[in-house]
1. How much length, in nm to one decimal, is gained on full extension between Arg118 and Ala34, taken as 0.36 nm per residue of separation minus their Cα-Cα distance?
2. Would you mind computing, in nm to one decimal, how far apart the modelled labels at Val13 and Lys72 are, each placed 7 Å from Cα along Cα→Cβ?
3. From zero outward in steps of 10 Å, how is the percent of C-alpha pairs of the chain spread across the bins?
4. How far is helix 70-80 tilted off the main Cα axis of the chain, in degrees rounded to 10, range 0 to 90?
5. With each run of n ≥ 4 DSSP H residues scored as -39500 (n - 2.57), what mean residue ellipticity at 222 nm is computed for the chain after dividing by its residue count and rounding to the nearest 500 deg cm²/dmol?
6. Please determine, in degrees from 0 to 90 and to the nearest 10, the orientation of helix 2-48 with respect to the longest principal axis defined by the Cα atoms of the chain, where the helix direction is its Cα long axis.
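Read-outs: derived from the displayed coordinates by stated rules, not from any lab. Note that this is a predicted model, so its numbers are computed, not measured. Note: ideal-geometry Cβ built from the backbone for every residue, glycine included; neighbour counts use all protein chains shown.
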Amino acid sequence: MKKLIIFLLVWVVAVVSGIVGVKVYKQHQVSKYAVEAVPYVKKVVPEISQWDPDTIRGLMTEQTLASLSPEKFSRIIEIFSQMGELQSMEEPVFVQTDSLPTAGGGNQTQVRYTVKARYRKGDAILTLNLADEPDGFKVAYFNLSSAVLTQK
């Protein structure tokens with residue numbers, strides 16, 4: 001019986017330590033990028049929301065641009081433009097970081113944020129993956145989710 005109690009105590013301590021460790025790590029990630037990434041997100045969301053493909057291309061990484069068909073990209077932006085003008089946006093929310101392989105054989109850190117935004121036609125959630133590049137952040141990709149776009 002004594003061994004069972006000791007085993008359960010060790011197990012509880014291990015689980016609690018794991019949970020605390022994950023929370024500390026996530027908070028470290030949030031604070032690490034908050035100083036530079038959040039102002040960048042606040043700057044680019046209004047630029048993206050002008051729905052000008054050339055402006056948006058200027059915000060994106062070279063790797064992303066190389067993989068985009070200009071016609072398909074313009075069509076996607078045309079669909080997103082149905083949302084209308086940006087009215088307001090909430091504070092960006094950190095989601096996660098990823099380390100992804102690059103074409104040159106290295107790794108690139110990407111930081112994901114979501115932003116709730118209100119457009120003339122309705123509410124939407126923008127998800128932005130930012131590439132942490134030597135000269136600052138660039139948009140690796142973004143997505144806009146809204147019930148407005150699913151209505152016919």
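1. 28.0 nm is the gain from fully extending Arg118 to Ala34.
2. In this crude label model, Val13 to Lys72 measures out at 5.4 nm.
3. It works out to 10, 32, 28, 14, 8, 5, 2, 0, in whole percents.
4. With both axes taken from Cα atoms, the answer is about 80 degrees.
5. Numbers: 5 runs with 73 residues, N = 152.
Counting only the DSSP helices, I get -15500 deg cm²/dmol.
6. Around 20 degrees separate the two axes.
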